[in-house]
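Note sheet for the following structure.
The values are calculated or read from the model by the stated rules, or taken from the named source; none is laboratory data. Since the structure is predicted, the reported quantities are computational estimates derived from the model, not experimental observations. Cβ placement follows ideal geometry from the backbone for every residue including glycine, while neighbour counts extend to all protein chains displayed. Remember, those area values only see protein heavy atoms, side chains included, never the ligands or the DNA or RNA. Shrake-Rupley method; radii C 1.70, N 1.55, O 1.52, S 1.80 Å.
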Amino acid sequence: MQQNLGSKRIVSIDIFRALVMFLMIFVNDFWTLSGVPEWLQHKDAFEDGIGFSDVIFPAFLFIVGLSIPFAIKSRRDKLQSNTTILKHVFKRAFALIIMGFFMVNFENINSEGMIINKDLWEIIMVFAIFLVWLNYKPFKFLGKKSIALFQSTGIVLFVFLALIYQGGLVPNLGWMKVYWWGILGLIGWAYFFNVIIYLYLGAKFFALVIAFIVFQLLNVQEFFSATQITPFKLIVSASMHASVCAGMIIGRMLLNYQKINKTYLFIIGSIIFTFVIIVYGFALRPYWGGFSKIRATPSWISVCIGISALSFLIIYIIVDKFNFRIWAKPIKIAGTNTLTCYVMPYLVYPIMIMTGTLYLPESIINGNKGLLKSLLFSFVIIGIVWILNKLKIKLKI
């Protein structure tokens, strides 16, 4: 769903999304390197700290929420009912959850028990994703029957991959299961719950704030050990939902103040929100788990939300207030073809492995040279997506 406000597009949202996607590809490539500086990496589960990699996913969740008020407004401007919007949201969330489920199971795959190796399994998975969720609008000339055949072929490929799947360790190989939901799956669940909240409560800004506080409290109770009550979770940690909800709050503020041409109030409100949530995060640090992405602690997600809100505010001022956008041109496509960018490494990596081009000399992948290699990899992925976009090939859910 795109965010339009009349004829005025909030370009900073697309650029912020593009920047976060670029950085996500960058940090996700660290597994191919050696000697990566500690401050750039994820912290261990029980290490109290936040590495650079630990703030990227919360920022993406924040952007998901940031876009929701504009997307819902756009659909309501087209006179779509809540029921129609919910159907679209359900399809989107379901698609993300399915993709995330297959991607997570790939991480736990074992070629020894299958009729094909895991790299080919991964390539087929990506082709299945494109066949099912390709934006077919530019290809209407193919006809509805042909498009339905392509999508059906994608579904058959998913079934095939599931039937032949074996995961785990020999001799205890098993079938596909929910190890966790994966990045896309987590986004899907958090997106689904938060859109429902916005559809029915978004008209009242205070209600969004209450929802955010509830998510924060639910996150806290996940770590509260003073009682014997089993912690309650909304499918995934409430931290994910809190991050999306925080984005909705900022997005709703921007929508409101842009409409009445008082964006200075949005800037003030964002600064206050950032200050309060970061102070809150540091205040929680000595209690429930410190800073830990792996365990999704309340202090970690709160500080990350503050970082995301502040980062977006800075980009908003640079891009939409001072109209300085040229710096983002090389990565701009990642802000509008984000899903394609995320999926593309799942095709590129196995091809590189099968062609022997993934594993480079130690002198290239170590230290600063390795970081440069990962930066170049991010640009290559975005370049591939740019070419595909020129060919009108992009994922859309």
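For the structure I just gave you, tell me whether T355 is open to solvent by 20 Å² or more (accessible area, probe 1.4 Å) and polar (S, T, N, Q). Yes: the conditions hold for T355.
Here's the yes/no breakdown for (1) surrounded by 15 or more Cβ atoms within 10 Å (Cβ to Cβ); (2) small (G, A, S); (3) modelled with pLDDT under 95; (4) outside any helix (DSSP H, G or I):
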{"site": "D54", "(1), (2), (3), (4)": "yes, no, no, no"}
{"site": "L66", "(1), (2), (3), (4)": "yes, no, no, no"}
{"site": "K73", "(1), (2), (3), (4)": "yes, no, yes, no"}
{"site": "L79", "(1), (2), (3), (4)": "no, no, yes, yes"}
{"site": "A93", "(1), (2), (3), (4)": "yes, yes, no, no"}
{"site": "M103", "(1), (2), (3), (4)": "yes, no, no, no"}
{"site": "F106", "(1), (2), (3), (4)": "yes, no, yes, no"}
{"site": "E122", "(1), (2), (3), (4)": "yes, no, no, no"}
{"site": "F130", "(1), (2), (3), (4)": "yes, no, no, no"}
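Taken together, the criteria exclude I294 from residues that are assigned to a helix (DSSP H, G or I) and of a type in the set (A, V, I, L, M).
Summed over the stretch 1-32, residues that are modelled with pLDDT of 95 or more and outside any helix (DSSP H, G or I) total 1. The set of residues in the stretch 34-46 being in contact (Cβ under 8 Å) with a residue 40 or more places away in the chain, in a loop (DSSP other than H, G, I, E, B) and either of a type in the set (G, A, S) or surrounded by 14 or more Cβ atoms within 10 Å (Cβ to Cβ) (or both) consists of G35, V36, H42, K43, A45. Kindly indicate whether F62 is buried (at least 21 other Cβ atoms within 10 Å of the Cβ), aromatic (F, W, Y) and on the phi < 0 side of the Ramachandran plot. It is true that F62 is buried (at least 21 other Cβ atoms within 10 Å of the Cβ), aromatic (F, W, Y) and on the phi < 0 side of the Ramachandran plot.
Only one of the numbered conditions (1) part of a helix (DSSP H, G or I); (2) within 23 Å of S237 (Cβ to Cβ) is not met by G383, and that is (2).
Which is surrounded by 14 or more Cβ atoms within 10 Å (Cβ to Cβ), at pLDDT below 95 and over 25 Å from the mean Cα position of the chain (by Cα), of L218, L201, L284? I'd like the intermediate steps shown before the answer.
Details: L218 fails: over 25 Å from the mean Cα position of the chain (by Cα); L201 fails: over 25 Å from the mean Cα position of the chain (by Cα).
When all the criteria are applied, what remains is L284.
Selection within the stretch 132-170: residues that are among the hydrophobic types (A, V, I, L, M, F, W, C), more than 25 Å from V385 (Cβ to Cβ) and in a helix (DSSP H, G or I). The member of this set that is most open to solvent (accessible area, probe 1.4 Å) is L163. Tell me, yes or no, whether the stretch 260-268 has at least one residue that is farther than 19 Å from Y198 by Cβ, of a type in the set (S, T, N, Q) and out of contact with any Cys (no Cβ under 7 Å at 6 or more places or on another chain). Checked against the condition, which is being farther than 19 Å from Y198 by Cβ, of a type in the set (S, T, N, Q) and out of contact with any Cys (no Cβ under 7 Å at 6 or more places or on another chain), the stretch 260-268 yields at least one hit. Would you check if N368 is more than 25 Å from the chain's Cα centre (by Cα), farther than 21 Å from E107 by Cβ and assigned to a loop (DSSP other than H, G, I, E, B)? No, not satisfied. Scanning the stretch 293-310 for residues being farther than 29 Å from V11 by Cα, touching a helix residue (DSSP H, G or I) at 6+ places or on another chain (Cβ under 7 Å) and surrounded by 23 or more Cβ atoms within 10 Å (Cβ to Cβ) gives a total of 3.
When each of G289, G306 is tested for being on the phi > 0 side of the Ramachandran plot and either in contact with a strand residue (DSSP E or B) (Cβ under 8 Å, 6 or more places away or on another chain) or not charged (D, E, K, R) (or both), the lone residue that passes is G289.
Give me the residue from the stretch 154-198 that is touching a strand residue (DSSP E or B) at 6+ places or on another chain (Cβ under 9 Å) and among the small types (G, A, S) and, out of that set, modelled with the lowest pLDDT. If you could, list the steps in order and put the result at the bottom.
Let us first name the residues in the stretch 154-198 that are touching a strand residue (DSSP E or B) at 6+ places or on another chain (Cβ under 9 Å), namely 154, 165-168, 173-177, 179-181, 185-186, 189-190, 193.
Among the residues that remain, those that are also among the small types (G, A, S) are: 154, 167-168, 174, 185, 190.
Working: G154: 97, G167: 89, G168: 78, G174: 86, G185: 94, A190: 95.
Per the criteria, the residue is G168.
Buried (at least 19 other Cβ atoms within 10 Å of the Cβ) and touching a strand residue (DSSP E or B) at 6+ places or on another chain (Cβ under 6 Å): does that describe L313? Answer is no for this residue. Could you tell me whether any residue of the stretch 171-182 is surrounded by 13 or more Cβ atoms within 10 Å (Cβ to Cβ), assigned to a helix (DSSP H, G or I) and not polar (S, T, N, Q)? Yes, the stretch 171-182 contains a residue that is surrounded by 13 or more Cβ atoms within 10 Å (Cβ to Cβ), assigned to a helix (DSSP H, G or I) and not polar (S, T, N, Q).
Of F130, F205, all but one fail to be under 25 Å from K396 (Cα atoms) and among the aromatic types (F, W, Y); the exception is F130. Taking (1) exposed (fewer than 13 other Cβ atoms within 10 Å of the Cβ); (2) in a helix (DSSP H, G or I) in turn, S378 satisfies each apart from (1). Scanning the stretch 81-91 for residues that are without any contact (Cβ under 8 Å) to a residue 12 or more places away in the chain and either under 27 Å from A309 (Cβ atoms) or in a helix (DSSP H, G or I) (or both) yields T83, T84, K87.
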